[in-house]
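*Asks:* Below is a structure I'd like to ask you about.
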Amino acid sequence: MSGALENVGSIWDLLTSPILRTVALGSGLLGAVSGALGCFALLRRQSLVGDAVSHAALPGIALAFLLTGTKSSFGLVLGAALAGWVAMVFVLAIVRTTRLDENTALGIVLATFFGFGLVLLTFIQRLPNANQAGLDTYLFGQAATMLHEDVLLLGAGGALLLGLVVMFWKEFKLVSFDREFAATVGYPVQRIELLLTLLLVAAIVLGLRTVGVVLMSAMIVAPAAAARQWTHHTGMMVLLGAIFGCAAGVAGAVASSVVPHLPTGPTIVLVATSWAIVSLFVGAKRGILWQWLRLRMLQKRLAEEAILVGLYELAQVHGGERHGHTEGALRALSPNLLRVRRRLRELEQRELVEETSRGAWALTAKGQSQAQQIVEKAQEKR
Amino acid sequence: MRHDRAGDSPLAEDVLAVEVSDLTVAYHTKPVLWDVDVTVPQGVLMAIVGPNGAGKTTLLKAILGLVPIAAGQVLIFGRPLPEMRHLVSYVPQRGSVDWDYPTTVLDVVLMGLYRRVGWIRRPGHAEREKAMEALHLVGMADFAKRQISQLSGGQQQRVFLARALVQDAKLFFMDEPFQGVDATTERAIIQILQRLRSEKKTVVVVHHDLQTVPEYFDWVTLINVRRIACGPVREVFTEQNLRAAYGGRMAFFIEQREEGC
Amino acid sequence: MSQAQLEIQVIAVLVAVACALPGVFLVLRRAAMLSDAISHSILLGIVVAYFAVRDLSSPILVLAATATGVLTVWLVEALTRTRLVRNDAATGLVFPTLFAIAVILIARYARTLHLDTDSVLLGELAFAPFHRFEVLGRDLGPVSAWVMGSILLLNVLFIGLFYKELKLATFDPEFAAAQGFAPGLLHYALMTLVSMTAVGAFDAVGSVLVVALMIAPAATALLLSHRLSVVLVLAVATAAISALIGYWVAHALDASIAGSMSTTCGAFFLATYLFAPTVGLLAQVRRRQQQRMEFALKMLAVHLAQHERHPEEAVENRPEHLVEHIRWTGDFARRVVRRALSDELVTLQSGRLFLTEKGRALASESIVQGA
């Protein structure tokens, strides 16, 4: 008993610790920024670009370290951003000047840049006396070692990126919806797209330290994909993307510091993608679950109508409205009918049909008038 | 700022709305348009017609500066396009955008006013009102708050038209506005086109239905890579010209060796 | 060269070649990024199967991992079919989810194991010779060589047996379906192969670099040839050579072999992309300059021909007009006219250009009105 209490106490200590506050704040910030900018990537069908950019950042980080010899966040972030940018240029150039498609270009750039990054990383690790420990945290991220300085960088960088999104809101929206129209009214479309891509690269690079190059792309895709399921407004979508990303960041950071041996990056990503999958199922109106339910309701209604009409027609053929008919007769009439007995019981509860003798069914007066209406409506349509 | 623009001084009535001379457009080395001359006087409804692959849409895009020009010149009201852009409005093909984009009808129409609103500022009450007016004109006012994903093809086309109307342009370019729309929309569009003409505005439409050309338009350009004819419908919409545009198969530029083959 | 070094190189070549073969079809089907998705999510299959059987060398791990890879493809396709997200976003959702679960499981429950996150990304090619395949006490070489060899054999057999079906289903799936070739089945068979190859290669080179070995040699080969059989041979050759060069570079730098192999693959691609004889970037630039002149000459000819004997001819055929109307710079226009004069396409008379017979022939050859 006292052990459990002690446990609760230590968790409480952890939750209120300045370290966790730093980590949660940093992760939340990065989630918000990548969630917001990911929305534009999603709308412009560039979801996999994030994957390429984040992997391609690795050699940039390693080179920045090799050249400057420091692990200061700013220098490494700059190196990562440059490498990510070069990767994007390669992808665009390959798509434009060869017959290879974008998927192939992304795959090549992603994997070969990453491979080069690993060569550099393993090379650095074997250098004598290098103060290199911890560079490999960029692979899967490590929020726990986040410093005050890192959070400041995230905060300043994030504020700048989001500020630019607000400033160029109309233009970003127009260019991602209809770039040709934007060009005809005189916008410098290519420069706007360039800025948007730069912001995306920057958002990815800012998150690498926490989430890691391998999984950072999910932070671009998942909050945006979740947000898309809940709204039909661009503004609301970007806002929700930021909120979802932020929530995933905070939740992941807290969970991984409370539960031992829970790596932060993968945990944040798992929270974000799980929410995206939940959103896909239950998201407003378009959700898979609602689609399925609507389909079921429709199937049920059609089945009920088929039964009512079937009994109506059977009654007309074999004299007498009170004459009961079996399920088999109904099935013979419309072979695709499913769960006839269950439907009949439900109709019975609504007093539309009744069981005249065991296993034999007939329409009630109410059922008969309803069946008649259905038949008339069908004839009208014809 | 806006008052410095060339177009705000009244346009001379005799200046051509569009003057295309010696226009050549090529993808790689394959010419899509070859040495085309087109002139459009002010206040006409002009159709661009020609067989598939004749370069109709390319002509429109080249005039609008959306595709690089290999040679030739385009003048809008006697000046290069960048100076006269504010007088020009474009209705792209419906299929050119993602209609699943999360936005509303009113928002799309407002996009026509973004440039006028300027950088950083947001469209306000006045712009909204103007957009609603345009939606009234195309009979879509009741749909202002509707998601664009819920529109029919004809409704989408009318929204695009409304977005062009709010621009207060003097010259309109439309790419296949009648493609796959319902009869109501077709009537609505043609009424608006005629109304624009009555206001002395100029409309250039890429069109594929030869039968309706004499009924809808008063000016026509026939092209098939080269310009076949350009002028008033009753003068140039002749069997001979049509045969020249559609009849024989247009032999293409010899240099068709695919790159790298 | 020691025995171990030799064995590592043999395994490296086997891995590279086994990856390159199915890679060609992935690239041709524009599904290159599926290899990224598959190679990541197979980790979950390995981890889950490991928890079930508690043996890292059990063949069940390979089966489970392969199945997870195929499941990934199916999930991406199912998500795309809902039309709630597009294919790119579906891919970007599915594999990070599975991969994140796998990494978390490893970090929490398998920390003391041989399965650590470093080997997930780097593979352990350098240690491959330590796992020996022994039958009745006789050493038959490293296990990885046998595994990769078998996978390579399977790939070769599959592609060999279904060569024409694969070719057809890749280039024209609808026609293939109409012919009764069941492209869906073939697609999943191919994905199973990709998945299995990724599982085999995963041990040696890790999850991300599988992508490099699958995509880069295939893309390099596709830049160089249009014939499927040639492409396959070129991809295999590039992969094998990259593996060997990669090994020796890594040896010299004392760095990751897998990383070095994929960097070499990338370098081959880059070199091909820049310098390939006809499709290379440099060749493209050179050709474009040449074509620009040829095109300009034809344009000049057609321009003059179109205005020949028209009232506006007096204006249209002045050299200055070319600068003014055809948008050539003065310098370029002068070069074109000079070239046209020296090629005897035009003559210059009192400041006006006239077509020669040869020039007129060029004009009508450039643009011919059919009957």
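The values are calculated or read from the model by the stated rules, or taken from the named source; none is laboratory data. Fair warning: this is a prediction, and the values are worked out from it, not measured in the lab. Here Cβ is always computed from backbone atoms with ideal geometry, including for glycine, and neighbour counts include all displayed protein chains. SASA here: full protein model, heavy atoms, side chains in, ligands and nucleic acids out. Shrake-Rupley method; radii C 1.70, N 1.55, O 1.52, S 1.80 Å.
*Asks:* Does anyone have the angle between helix C:32-53 and the longest principal axis of chain C? Alpha-carbon axes, 0 to 90°, nearest 10?
*Replies:* The two axes meet at around 10 degrees.
*Asks:* Counting each DSSP H run of 4 or more residues in chain A as -39500 (n - 2.57), what helix-only mean residue ellipticity at 222 nm follows after dividing by all residues, to the nearest 500 deg cm²/dmol? Walk me through the numbers before you get to the answer.
*Replies:* Working: 17 runs with 292 residues, N = 382.
Rounded to the nearest 500, it is -25500 deg cm²/dmol.
*Asks:* Lys and Arg at +1, Asp and Glu at -1: add these up for the other residues within a Cβ distance under 11 Å of B:Val220 and post the number.
*Replies:* Local net charge: -1.
*Asks:* Still on this structure, I have one more. Which of the peptides A:149-161, C:25-37 is most tightly packed, and how do the rest follow, going by the mean number of other Cβ atoms within 10 Å of each residue?
*Replies:* Working: A:149-161: 17.5, C:25-37: 24.7.
By packing density, highest mean first, the sequence is C:25-37, A:149-161.
*Asks:* Say a site is exposed when it is one of the GluC sites (Glu not before Pro), sits in a DSSP loop, and has at most 12 other Cβ atoms within 10 Å; what is then the longest site-free stretch of chain C?
*Replies:* On the way: sites that count: C:Glu312, C:Glu344.
After excluding every exposed loop site, the longest remaining stretch is C:1-311.
*Asks:* Ok, one more. Where in the stretch B:74-143 are there trypsin sites (Lys or Arg not before Pro) that are in a DSSP coil and have at most 15 other Cβ atoms within 10 angstrom of their Cβ?
*Replies:* Filter output for the stretch B:74-143: B:Arg121.
*Asks:* Compute the signed sum of charges (Lys and Arg +1, Asp and Glu -1) over the other residues within less than 12 Å, Cβ to Cβ, of C:His307. It would help to have the intermediate numbers written out before the result.
*Replies:* Values: positive: C:Arg309, C:Arg318, C:Arg352; negative: B:Asp22, B:Asp35, B:Asp37, C:Glu308, C:Glu312, C:Glu313, C:Glu316.
Summing Lys/Arg as +1 and Asp/Glu as -1 gives -4.
*Asks:* Of C:Gly23, C:Ala176, C:Ser57, whose Cα points farthest to the positive end of the dipole of the stretch C:3-279 (charges on the beta-carbon: +1 Lys, Arg; -1 Asp, Glu; origin at the Cα centre)?
*Replies:* C:Ala176
*Asks:* Moving on to the next point. Average partner chain C-beta neighbours within 10 Å, per residue of B:99-111?
*Replies:* Across the residues of B:99-111, the mean count of other-chain Cβ atoms within 10 Å is 5.
*Asks:* What does the buried accessible surface come to for B and C, summed over both chains, with the probe at 1.4 Å? Round to 100 Å².
*Replies:* So the buried area, both faces added, is about 2500 Å².
*Asks:* Compute the distribution of all C-alpha to C-alpha distances in the stretch C:282-370, in bins of 5 Å from 0, and list the percent of pairs in each, rounded to whole numbers.
*Replies:* Spelled out per bin, shortest first, that is 3, 15, 25, 27, 18, 8, 4, 1, 0.
*Asks:* Which peptide among A:370-377, A:168-175 comes first, and what is the full order, when sorted by highest mean count of other Cβ atoms within 10 Å?
*Replies:* Details: A:370-377: 14.8, A:168-175: 21.5.
Averaged packing, sorted descending, gives the order A:168-175, A:370-377.
*Asks:* Sticking with this one: Would you calculate a helix-derived [θ] at 222 nm for chain C, using -39,500 (n - 2.57) for each DSSP H run of n ≥ 4 and dividing by the full residue count, to the nearest 500?
*Replies:* It comes out at -25000 deg cm²/dmol, rounded to the nearest 500.
*Asks:* Right, here's the next one. Output the 0 to 90 degree angle, nearest 10, between the alpha-carbon long axis of helix B:125-137 and the longest principal axis computed from the alpha carbons of chain B.
*Replies:* Approximately 60 degrees, to the nearest 10.
*Asks:* Could you give the size of the charge dipole of the stretch C:282-370 about its Cα centre, using +1 on the Cβ of each K and R and -1 on the Cβ of each D and E, expressed in debye and rounded to the nearest 20?
*Replies:* For this selection, approximately 480 debye.
*Asks:* Still on this structure: Express the relative contact order of chain A as a whole percentage, based on alpha carbon pairs under 8 Å and six or more residues apart in sequence.
*Replies:* Averaging sequence separation for qualifying contacts and normalising by length gives 22 percent for chain A.
*Asks:* Kindly identify residues of the stretch A:31-53 having a loss of at least 30 Å² in accessible area between the isolated chain and the assembly of all protein chains, probe radius 1.4 Å.
*Replies:* Relative to the lone chain, where solvent access is computed with a 1.4 Å probe, the stretch A:31-53 loses at least 30 Å² at A:Leu43, A:Arg45, A:Leu48, A:Asp51.
*Asks:* Another question about this same structure. Take each complete run of DSSP H in chain A, measure how far its Cα atoms stretch along the helix's own axis, and keep only those covering 18 Å or more with mean Kyte-Doolittle hydropathy at least -1.0; list them. Write down the numbers at each step before the final one.
*Replies:* On the way: long enough: A:2-15 (20 Å, 0.58); A:18-43 (38 Å, 1.60); A:49-68 (28 Å, 1.47); A:73-97 (36 Å, 1.96); A:102-125 (34 Å, 1.56); A:148-167 (28 Å, 1.65); A:189-211 (33 Å, 1.83); A:216-228 (19 Å, 1.26); A:234-258 (36 Å, 1.78); A:264-282 (27 Å, 1.75); A:288-317 (43 Å, 0.44); A:365-381 (24 Å, -1.37).
Helices meeting the criterion: A:2-15, A:18-43, A:49-68, A:73-97, A:102-125, A:148-167, A:189-211, A:216-228, A:234-258, A:264-282, A:288-317.
*Asks:* Hey, got the dipole for chain C? About the Cα centre, +1 on K and R Cβ, -1 on D and E Cβ, debye to the nearest 20?
*Replies:* 620 debye
*Asks:* I need two numbers for the protein assembly as shown: Rg to one decimal and Dmax as a whole number, Cα atoms only, in Å.
*Replies:* So, for the protein assembly as shown, Rg and Dmax equal 33.7, 112 Å respectively.
*Asks:* Which Cα, out of B:Leu242, C:Leu234, C:Leu140, lies furthest along the positive dipole direction of the protein assembly as shown (beta carbon charges, K/R +1, D/E -1)?
*Replies:* Result: B:Leu242, furthest along the dipole toward the positive end.
*Asks:* What average number of partner chain Cβ atoms lie no more than 10 Å from the Cβ of the residues making up B:68-75?
*Replies:* 4
*Asks:* Moving to a separate point now. Between B:Glu215 and B:Ala141, what's the calculated FRET efficiency when r is the beta-carbon distance and R0 is 25 Å? Round to 0.05.
*Replies:* 0.35
*Asks:* Here's another thing I want to ask about it. Given DSSP loops and a limit of at most 13 other Cβ atoms within 10 Å, what is the longest stretch of chain B that contains no such GluC sites (Glu not before Pro)?
*Replies:* Longest run free of exposed loop sites: B:14-198.
*Asks:* Count the lysine pairs in chain A whose Cα atoms lie under 21 Å apart, taking only pairs 8 or more positions apart in sequence or on different chains.
*Replies:* Working: A:Lys285/A:Lys300; A:Lys300/A:Lys366; A:Lys300/A:Lys377; A:Lys366/A:Lys377.
Eligible lysine pairs with Cα atoms under 21 Å apart amount to 4.
*Asks:* In debye, nearest 20, what is the charge dipole magnitude of the protein assembly as shown about its Cα centre with +1 on Lys and Arg Cβ and -1 on Asp and Glu Cβ, if you could check?
*Replies:* 900 debye
*Asks:* Could you pull out every residue, at least 5 positions away or on a different chain, whose amide H is within less than 5 Å of the one on A:Thr356? Hs are placed 1.01 Å off N in the peptide plane, and Pro or chain starts have none.
*Replies:* Residues meeting the amide H criterion: A:Trp361, A:Ala362.
*Asks:* Okay, next question. Return, ordered by residue number, the residues of the stretch A:162-191 whose backbone nitrogen is under 20 Å from a label point located 7 Å along Cα→Cβ of B:Asp98.
*Replies:* Taking a point 7 Å out along Cα→Cβ of B:Asp98, the residues of the stretch A:162-191 whose backbone N falls under 20 Å are A:165-166, A:168-184, A:189-191.
*Asks:* Provide the net charge surrounding C:Val211, with neighbours chosen by a C-beta distance below 14 Å and charges set as Lys +1, Arg +1, Asp -1, Glu -1.
*Replies:* Counting the neighbours of C:Val211, the net charge comes to -2.
*Asks:* Okay, next question. Rolling a 1.4 angstrom probe over the protein heavy atoms, how many square angstrom per residue are accessible across the stretch A:180-285?
*Replies:* On a per-residue basis, the stretch A:180-285 sits at 29 Å².
*Asks:* Which number comes out as Rg/Rh for the stretch B:36-180 once both Rg and the Kirkwood Rh are worked out on C-alpha atoms?
*Replies:* Using only Cα positions, Rg/Rh for the stretch B:36-180 is 0.97.
*Asks:* Then there is this: Would you mind checking which residues have amide H under 5 Å from C:Phe133's amide H? H placed 1.01 Å from N; only 5 or more apart, or other chain.
*Replies:* C:Leu140, C:Gly141, C:Val143
*Asks:* Please report the relative contact order for chain B, taking Cα pairs under 8 Å with a sequence separation of at least 6, and give it as a percent rounded to a whole number.
*Replies:* Numbers: 468 pairs, mean separation 68.6, N = 261.
The normalised contact order for chain B reaches 26 percent.
*Asks:* On a 0 to 90° scale, report how tilted helix C:207-224 is relative to the longest principal axis of chain C, with both axes built from alpha carbons and the result rounded to the nearest 10.
*Replies:* Orientation of helix C:207-224: about 30 degrees from the principal axis.
*Asks:* Residues of C:24-36, mean number of Cβ from any other protein chain within 10 Å of their own Cβ, rounded to a whole number?
*Replies:* If you average over the peptide's residues, the count of other-chain Cβ atoms is 5.
*Asks:* C:Phe51 to C:Asp172: FRET efficiency via 1/(1 + (r/R0)^6), r the Cβ-Cβ distance, R0 30 Å, to the nearest 0.05? Intermediate results must be reported in sequence, preceding the final value.
*Replies:* Numbers: r = 44 Å, r/R0 = 1.47.
Computed FRET efficiency for C:Phe51 and C:Asp172: 0.10.
*Asks:* Using the Karplus curve 6.51 cos²θ - 1.76 cosθ + 1.60 with θ = phi - 60°, what ³J(HN,Hα) values do you get for each residue of the stretch C:238-246, in whole Hz, with x for Gly and Pro?
*Replies:* 4, 4, 5, 5, 4, 4, 5, 4, x
*Asks:* Give, as ranges by residue number, the residues of the stretch B:95-128 whose backbone N falls under 11 Å from the point 7 Å along Cα→Cβ of A:Met236.
*Replies:* B:103-104
*Asks:* Placing +1 on the Cβ of each Lys and Arg and -1 on the Cβ of each Asp and Glu in the stretch B:88-173, which of B:Pro92, B:Ala162, B:Gly112 has its Cα farthest towards the positive end of the resulting dipole?
*Replies:* So the residue we want is B:Gly112.
*Asks:* Quick one: compute the contact order of the stretch A:290-381, relative version, from alpha carbon pairs under 8 angstrom and 6+ residues apart, as a percent.
*Replies:* 33 percent
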